[in-house]
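Report on the structure given below.
The values are calculated or read from the model by the stated rules, or taken from the named source; none is laboratory data. Everything numeric in this text was worked out from a predicted model, so none of it was measured. Heads up, the Cβs are rebuilt from the backbone with ideal geometry, glycines too, and the neighbour counts pull from every protein chain shown.
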Amino acid sequence: MSQFKSREEYEQWKAERMQGLVGSFQPKPVEQKPHRSQSPSADRQPPLRGGRLRSLGELFGDTWDLFKARFLTLLCLYLLSIVFMAVATGVFAGAGYFLSSILPAAKNAVIGAGIFIGVLAGSIAMFWGIAAFTFAAVDETLGVRDALNNGWRRVRSYMWVSFLFTFIVGGGFLLFFVPGLIFLVWFLFSQFVLVAEDEKGMAAILKSKEYVRGNWFGVFIRLLLLWLISGVLGFIPVVGPILSLLLVPFMMIFVKLIYDDLRESKGKIAIHPPSVGATVKWIGAGVLGYVALPAILFVMMGASLTVPLLMLKGMMDNPGSQFTIKAKEGIPSLRMKPGPQRPQEGTRVVGPGESGLQVPSGASSLQQEAKKPDATGEAKIIRDGVKETFILQTGFFSDTRLANPRRASVQFQIPAEKHSNARRIEMVLDVTKAGEHPVDGNYMRDTFMGKSREELEQENKPRFQYVADGGQIFFPKDGCTIIVTSPYTGTSDGVFGGEVKDCVVTSAGITHTLSAEFKMVGNSSR
């Protein structure tokens, strides 16, 4: 311990010691380092450009830098939007086809409902993926999961903005293309306005237009160059589709950077909720295109059909007349040269109680031809030992179709109310060929196992089925044979006939043994 000569010397030493100890506990000054943004592209953000758009070189360079950093995330989200749509549509459409096998009486309705719900669900799933894709392009810190979460929260707003954009721009293109091109450049950035600024519906559409105001041509040139590059790459054989797919994230970043420049040049733009008048105006512009195109086509087709209709009318009024079309000063004119006159055909003298209308014999023969009776016939049915008589069904609501006799269908049904779903037998075969027509028992079951009706028709196999009351369809369990004893000739007095012996049909575990002898006289009008 140090020796001190006096008390004052000790107190001075003590004060200096204590001051040193206190100083040793003071925090050392920390060297300030420049703050670095978490965004991987923060250092790549260009400085303020004083309200101008990036040049093409700057735009492609900055897009390429972001593309390299965000390629995998953006491509994954874009592909997910396609997968979401395919899976959702396939699940519901497949469920409809599956249920149709359980409810054959309502097959078409069930399949149609499944396809409709599938398309609706697939559209929502697709927009979810595209919304997430846009979020990831706008916010460079988002990964796949966070982008999907944000996209799901905004999927309804995104769908509505996309519908407005597509409807208005599509209507503009139908108005001779140019308005659609103008609308496309104006409203192209509405999805970025929705994602980055939370503007919804028509407000996002109109705010995009305000950003483009004064820069339409500059934006159009940049977009045109991008579209040309995309089109050229798409036409490259083999690898073109792959390059087009890989270019989608690049195009999204490219358009997003143009949006950033426009937003910076305009500063903060306040868009009040659009008035009813403004909304009606722009939706009306889209409607005008959809209404104008059919009207233009109708006028054009009406003008082109005028001369043929006049010729047809003249031929009906003057049978045997000859027509010539001559142009006079650029205007076509129609001239008719009367044909040879027929001698006056006699008319029948009507008696008491008959109509006094005199009908030429030629017109009478045409009426008789138009009212030609359809084919008639019946089938003697024995089902599980019970005998019944089925009547040949013809007309629009029946399955009897003989226009193509080599692939004809014939239906016999128990007498019932018109158009009722009563029990019946249905056959499809070549009715012009006599002899045996073997029916494959797996033929109709293949319909519910993936084969389309067109594929089955191309195989040109005979078909036989029994339909119970209410519409339950019974197929041949193993197989049976349709024997044609009298082939179809297509004449009014021709007879088509044959038989089916001991055919075992089954449906949902229920079986019947069925025999039939059938005969049809005449020819079908369908």
Note to self: I'm checking my understanding of the structure. Among residues of segment 198-212 that are more than 13 Å from residue 160 (Cα to Cα) and aliphatic (A, V, I, L, M), which one is surrounded by the most Cβ atoms within 10 Å (Cβ to Cβ)?
What the structure shows: 212
Next item on the list: Quick one: residue 386 ticks every box in (1) over 23 Å from residue 521 (Cβ atoms); (2) surrounded by 16 or more Cβ atoms within 10 Å (Cβ to Cβ); (3) at pLDDT 80 or above except a single one, so which number is it?
Entry: (2)
Notebook entry, point to check: Which of the residues that make up segment 274-305 are at pLDDT 75 or above, surrounded by 10 or more Cβ atoms within 10 Å (Cβ to Cβ) and not hydrophobic (A, V, I, L, M, F, W, C)?
Noted result: 274, 275, 279, 281, 284, 286, 289, 290, 294
Next item on the list: Quick one: in segment 469-526, of everything that is in contact with a helix residue (DSSP H, G or I) (Cβ under 8 Å, 6 or more places away or on another chain) and at positive phi, which residue is surrounded by the fewest Cβ atoms within 10 Å (Cβ to Cβ)?
Entry: 470
Next item on the list: Scan segment 182-197 for residues that are surrounded by fewer than 22 Cβ atoms within 10 Å (Cβ to Cβ) and under 24 Å from the mean Cα position of the chain (by Cα) and report the count.
Entry: 2
Check: Hey, any hits in segment 127-143 for a residue that's within 24 Å of residue 286 (Cβ to Cβ), aliphatic (A, V, I, L, M) and surrounded by fewer than 20 Cβ atoms within 10 Å (Cβ to Cβ)?
Finding: no
Next item on the list: Within segment 88-104, count every residue that is in contact (Cβ under 8 Å) with a residue 24 or more places away in the chain and either surrounded by 14 or more Cβ atoms within 10 Å (Cβ to Cβ) or more than 26 Å from the chain's Cα centre (by Cα) (or both).
Entry: 9
Item checked: Verdict on residue 173 being touching a Pro at 6+ places or on another chain (Cβ under 8 Å), assigned by TED's automatic domain parsing to the domain that holds residue 274 and at pLDDT below 95 -> yes
Note to self: Of the conditions (1) under 19 Å from residue 497 (Cα atoms); (2) acidic (Asp, Glu); (3) modelled with pLDDT under 85, residue 454 satisfies every one except a single condition; which number is it?
What the structure shows: (1)
Next item on the list: Kindly indicate whether any position in segment 46-69 is modelled with pLDDT under 90 and under 19 Å from residue 135 (Cα atoms).
Entry: no
